[in-house]
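Where a number appears in this text, it was derived from the coordinates with a stated rule and is not lab data. This is a predicted model, so every value here is computed, not measured. Glycine gets a Cβ as well: all are built from the backbone with ideal geometry, and neighbour counts include every protein chain shown.
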Amino acid sequence: MHIALRTPLTEALGCQVPVIQTAMGWVSTSQLVSASIKEGAFGFLAAAVMTPEECEAEIKTIKDQTDKPFGVNIHAFQQGIDKIIDMCIDYDIAALSYGRGPSPEIVEKVKAAGLKCVPTIGASKHAGKAVKMGADILVCQGQEGGGHTGYTPTWLLLGQVLDQNLGVPVVACGGFKDGRGLAAALAFGAHGIAMGTRFMMSSDSPTPQATKAEYLKAEVTKIPVSTKLDGLPQRMVLNETLQDLEKSSKLGMLLRAFQNGMKYKSQTGMSMTQTVKTAWGMASKTDMTLGQTMMAGNAPMIIQKAMVEGKPDEGVLPSGQIAGLIDSLPSCAEIIQGIVTDSEQCLKRVGA
Ligand SMILES: Cc1cc2nc3c(=O)[nH]c(=O)nc-3n(C[C@H](O)[C@H](O)[C@H](O)COP(=O)(O)O)c2cc1C
């Protein structure tokens, strides 16, 4: 392998290729993580939408299939977070990823146990704070990226963060799918790339075929950012459900959020007290309003329609803009091997 593909990122995470398969709710399951880590990438299990029991079963399944290192993605306010953190330590998980950071105590605890902390940031002002709060690696997701996303384009954000010389590996994220993207990111000064949509659009992801077919049709200019799903900017394929959400009034949105929140509550087995505590915890400890917090309960049910039940028309399809440039569903092995070969060729071409 080209020497440039061995970076501080591969060293820190113990993977062979400087490529991270990111966490995607109901997508980055044991099936996808095993497939990506077997090929030398580093994968994150999307545990933010799992109960502790589900998470443990998924960790065991990955460990039964391969001894390669992998990470777990969490949400600071999910139910059973303490159990999941202890589980990550007990099962010797290599890294923890998150958007909204867990408490300083949790960060200290996992770092003491040897896990690497890998937050995703979407604005340069968050980079220094994240490192102060214990980040070992920074994933910088530009606005092109899928799911919750910021407002700064990937290359601009990357430049802003690299210029701060924060002393931790920096990973470019948002809009990547191939080896030339990796070569460009490395030349730019990043230490690797992170990809969500590309791995979701693979034969190894559990996303239902009917939903994958919709992703294959997506156009780069028709994957907008909307705040109507859960109150936070989220990039999704523009389908009828998203168009309806865009048209709905504030009251209609809150009503729908409440109904869907109640459905999710019964799905996860949360009690009413736990639900209220979680919502209140999120609203009081973050910059989210109570309205946004309520709307956060909206998202899981609508996303699952497409991503789990295979009814893309009735749900929403979180996606990076890169889906508009993807027209096939290769295996993770093909994706990762292609990235290695193509990035090596790019690096050699530039070197020559
Ligand atoms: C279907 C889908 C679901 C996602 N779910 C999560 C999630 O549960 N947690 C998370 O931190 N990020 C989530 N994301 C964001 C991705 O982890 C990743 O940061 C993003 O997809 C990167 O941009 P890209 O799609 O251009 O590669 C999701 C993205 C997609 C496309």
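For LEU45, list long-range residues whose amide hydrogen, built 1.01 Å from N in the peptide plane, is under 5 Å from its own amide hydrogen.
The answer is GLY71, VAL72, ASN73.
Working out 0.36 nm times the residue gap between ILE3 and GLN209, then minus their Cα-Cα distance, what length gain in nm do you get to one decimal? Intermediate results must be reported in sequence, preceding the final value.
Details: separation 206, 0.36 × 206 = 74.16 nm, distance 3.79 nm.
Separation in residues times 0.36 nm, less the Cα-Cα distance, equals 70.4 nm.
So for segment 28-82, averaging the separation of alpha carbon pairs under 8 Å that are six or more residues apart and normalising by length, what relative contact order in percent results? Working shown, then result.
Details: 60 pairs, mean separation 23.9, N = 55.
This gives 44 percent for segment 28-82.
In deg cm²/dmol, rounded to 500, what helix-only [θ] at 222 nm does the chain give when every DSSP H run of at least 4 residues adds -39500 (n - 2.57) and the total is split over its residues?
Numbers: 16 runs with 165 residues, N = 352.
Here the helix-only value at 222 nm equals -14000 deg cm²/dmol.
Taking the Cα centre of segment 82-184 as origin and charging only Cβ (+1 Lys, Arg; -1 Asp, Glu), how large is the dipole, in debye to the nearest 20?
Details: 10 positive and 10 negative charges, 56 e Å.
Here the size comes out at about 280 debye.
What shape does segment 90-164 have by the C-alpha gyration tensor, where a ≥ b ≥ c are the square roots of the eigenvalues, rounded means a/c under 1.5, and otherwise prolate means a/b greater than b/c and oblate the rest? Mind dumping the intermediate values first?
On the way: a/c = 2.42, a/b = 1.91, b/c = 1.27.
Cα axes put segment 90-164 in the prolate bin.
Using +1 on the beta carbon of Lys and Arg, -1 on that of Asp and Glu, and nothing else charged, what's the dipole of the chain about the Cα centre, debye to 20? Before the final figure, lay out each step's value.
Values: 32 positive and 33 negative charges, 147 e Å.
So the dipole magnitude of the chain works out to roughly 700 debye.
Note down the Stokes-Einstein diffusion coefficient of the chain in µm²/s, whole number, using a Kirkwood radius over alpha carbon pairs, 25 °C, and 0.890 mPa s. Don't skip to the end; give the middle numbers.
On the way: Rh = 20.2 Å.
Rounded to a whole number, D works out at 121 µm²/s.
Excluding residues on the same chain fewer than 8 positions from LYS247, give the lysines whose Cα lies under 29 Å from its Cα.
Straight-line reach from LYS247, under 29 Å: LYS212, LYS217, LYS222, LYS228, LYS263, LYS265, LYS305, LYS311.
Of CYS346, THR29, PRO153, which is farthest along the charge dipole of the chain in the positive direction, counting Lys and Arg as +1 and Asp and Glu as -1 at C-beta?
PRO153
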